[in-house]
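Working notes for the structure below.
The values are calculated or read from the model by the stated rules, or taken from the named source; none is laboratory data. Here the structure is a predicted model, which is why all the values come from computation and not from measurement. Here the Cβ positions follow ideal geometry from the backbone for every residue, glycine too, while neighbour counts run over all protein chains shown. Just so you know, the surface numbers come from the protein's heavy atoms only, side chains and all, with ligands and any DNA or RNA stripped out. Shrake-Rupley method; radii C 1.70, N 1.55, O 1.52, S 1.80 Å.
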Amino acid sequence: MKEFDDFNFSVEKYTKDLTRECVGGSDLQQRKKEIEAYNETTSATLKQTCKKNYMEFIQTAKEISHLESEMYQLSHILIEQRNILATMTDGKTSSHLKAESLEAESTAATEDLENSHATRAVKEMVQGFNGNLEGKTFLNEGALIELDSNDYRPIQRVFFFLFNDVLIVCKVKHDKRLDFLTEYDPKKIAVINIKDLDGVKNAINIITPDGSKIYQSITAAGKTEWIEKLEEAFRFDQQKKPKKGQAPQPPTRAKQQSKATTPEKETTPQSPGEPKSMEDETPEWLSTASEEIQTLVAQRHFEDAQELIKRTQDFLRNENRKKLPLADAIETKVKQQELKLINVLLKELSNSHNRNLQIALRAAKRPLKILVEMGRYRQASATLLKVCAVSLRVAQREARRNNADISELFFCDLTQVACDFLTAFEKQPACVSALVVWCNAELQYFASQLIKHYLTKGTSLESVAKCVERVRKPSTKLTEIGLDISYHLEGLLRTTLESLIEESKERLLDSVGRTEESWQPYNLQTKSNLKRLLLELDVLGIDVRAQATGDTWINLTQSTVVFIRHFLQLTEYCGCLAKCETLLQSLELLLKELFIAQHTLKPPSDMAVDPNFVMKNKIFLVDNLLPIAIDKFRQISGRQCEGLRELHTKMSRQQGAPVPRQRSVYTTDVF
């Protein structure tokens, strides 16, 4: 088969050479089988390689996602460190402040010049803008790309002009001219950093009064600059210093600590008649807790958001609540943010479904853990089971499409879901009822698919027995975790199995006696055929060597030998099905009626047959075949076949001596 791997392989040339090499149709058929076998092997190898590559791709994508998340967290930490350093630099000495004020005055003229240039550029370049930009401070400008919020598809190119109290959004035309779209107040918009995922990089989400819009920068530095400038515009009125004089600076942390150490020297005592301000006692982190939670949720730091919610609620439950006049308002805002976080986590959990159940369970661990810690057990368990149901049914559909064993797959997946569910809700036994109900629903769906695709009308008893045995064996694995569904599964399949058993009984009874029987010893023509038959019957558990005569003869009829083989095979199938007590009666009736039908066969009245030979076949069935069938049934099913035992006792008593052959007597009236 190396010719197929050649780059210059030609079908016509290979066919001509193959035709010349092969002699007759048998050689061509043999080569055809070899080619088909090579095709199947190649196809199976390609499937395995594709599956392996797909799993490696998934693992690589996960690792990349984790690395990106860690890089984003590192970037967030660096930004926090930079903010801390900026705060520390604010606590400079008065000499530095004076130097800065002089420097600010020296650069004021430059800033005014830049503002005038920017104002003139907007009026000249932007068509359709009639706003007033006098007295406004120019902060930044640049080109961005607007993306669709659903699939991140580029919509249009835009250009931003950012001033201290207005953000001008323009559309970039094909001739690179700018067309005015809209304007926003920077204090009425919110900027959210979007993580670099799903093929979208350097994107930001701007929440405006018109709705949420996503814009993409060309570079990561440009994205960072826009976030900083928009934040600067938002806080411009608080940060801007008046030109006439130096505004008093708020004390830094270092100064506050130094004042706290020497309060008697640096602070003046408050007069008894002056009321104490209650707002001063509200911690800064508590007053901004709602906004901080919203930011953490937007940045997908769910654990930090949940921890901050818990910290706020614990703080408000203490005696400190009486000292806080805004405690009710803060608690209401935090409660709203908690509900938003729960909705986001539930959506995150519901979107974690995947064709691979292991990947789906792994993706659901993070939101599931947070929801359990927040006390949302019922919602989390219901959503998790819905996700698992989707993955389970998709896996079964693909297994049926690939002709794989769905029973082993289904029960292994069911066991894994049950184990992970019990681990996640170990401290909540009330959620176990939801797992039991879900297992019941999935078992009903599995049984319906089993009946629809594998236990259809006309299925042979052999296929039915093999299918049921493949289902029963893995179903016992769930008993290891305390979930026994075998009885319920038998109940779901009982009606279908009984109808298939009844159908098989009618079909088998119709086949008895249809073939013409010569009622003569069975001739197998060759020694090898006789030897093969004896070995087959030995495997089934019966020895008929005592009936072998000569080199190729068996002293039984052909129909008797065929019935012995078929009846023992049928006993094995019935024994497998009879492990369920509900089917025992139907299976006993099938074997009993089939045996009686074969035992009552008689030769035609016009056929000259030795009655001793006929009786010998019947005696062999009762004395040899029936005890072996009873014992085989008991070994496989673990139950006694009472129907066959009663039949054996009854027929053993009825058997009499062989009837002598009738002979015609010649008579004459001639003396």
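For residue 189, no residue 5 or more places off, or on another chain, has a built amide H under 5 Å of its own. Note: relative contact order over region 128-236, using C-alpha pairs below 8 Å and six or more positions apart, is 23 percent.
Over all other residues within a Cβ to Cβ distance under 15 Å of residue 118, the charged ones net out to -4, with Lys and Arg as +1 and Asp and Glu as -1. Accessible surface ranking for 212, 391, 1.4 angstrom probe, highest first: 212, 391.
Computed from backbone phi with θ = phi - 60° and the Karplus coefficients 6.51, -1.76 and 1.60, the 3J(HN,Hα) list for region 218-225 is 6, 10, 5, 5, x, 4, 4, 5 Hz; x is used for glycine and proline. Each Cα pair under 8 Å and six or more residues apart adds its separation to the average, and for region 287-348 the resulting relative contact order is 39 percent. The alpha carbon gyration tensor of region 2-70 gives principal lengths a ≥ b ≥ c with a/c of 1.5 or higher and a/b greater than b/c, which makes the shape prolate. Separation of the alpha carbons by more than 20 angstrom is noted, of 333/365; 213/386; 365/427; 187/229, for 333/365; 213/386.
Distance between the 7 Å Cα→Cβ label points at residue 43 and residue 642: 5.1 nm. Computed with a 1.4 Å probe over protein heavy atoms only, the accessible area of residue 512 comes to about 30 Å². The accessible-area ordering, largest first, of the residues 605, 10, 381 stands as 605, 10, 381, per a 1.4 angstrom probe.
Note on residue 599: accessible area approximately 30 square angstrom, rounded to 10, probe 1.4 Å, nucleic acids and ligands left out.
In terms of accessible area, using a 1.4 Å probe and ignoring ligands and nucleic acids, 542, 192 rank largest first as 192, 542. The value of relative contact order for region 519-654, using C-alpha pairs under 8 Å at least six residues apart, is 27 percent. The Cα atoms of region 519-654 give a gyration tensor whose axes a ≥ b ≥ c have a/c of 1.5 or more with a/b no greater than b/c, which makes the shape oblate.
Once neighbouring chains are kept in place and the probe is 1.4 Å, which whole percent of the accessible area of region 128-236 is contributed by carbon and sulfur? In region 128-236, the share of accessible area belonging to carbon and sulfur is 47 percent.
If R0 is 25 Å, the Cβ-Cβ spacing of residue 179 and residue 112 corresponds to a FRET efficiency of close to 0.30.
When the listed pairs 473/579; 123/176; 452/473 are checked against a 19 Å cut-off, the alpha-carbon distance exceeds it for 452/473. Sort region 287-348 into rounded, prolate or oblate with this rule: let a ≥ b ≥ c be the square roots of the eigenvalues of the Cα gyration tensor; rounded if a/c is under 1.5, and if a/c is not under 1.5, prolate when a/b is larger than b/c, oblate otherwise. Note, shape of region 287-348 comes out prolate. The distance separating the Cα centre of region 131-202 from that of region 475-509 comes to 66 Å. Taking all protein chains as shown and a probe of 1.4 angstrom, residue 454 keeps an accessible surface of around 70 Å².
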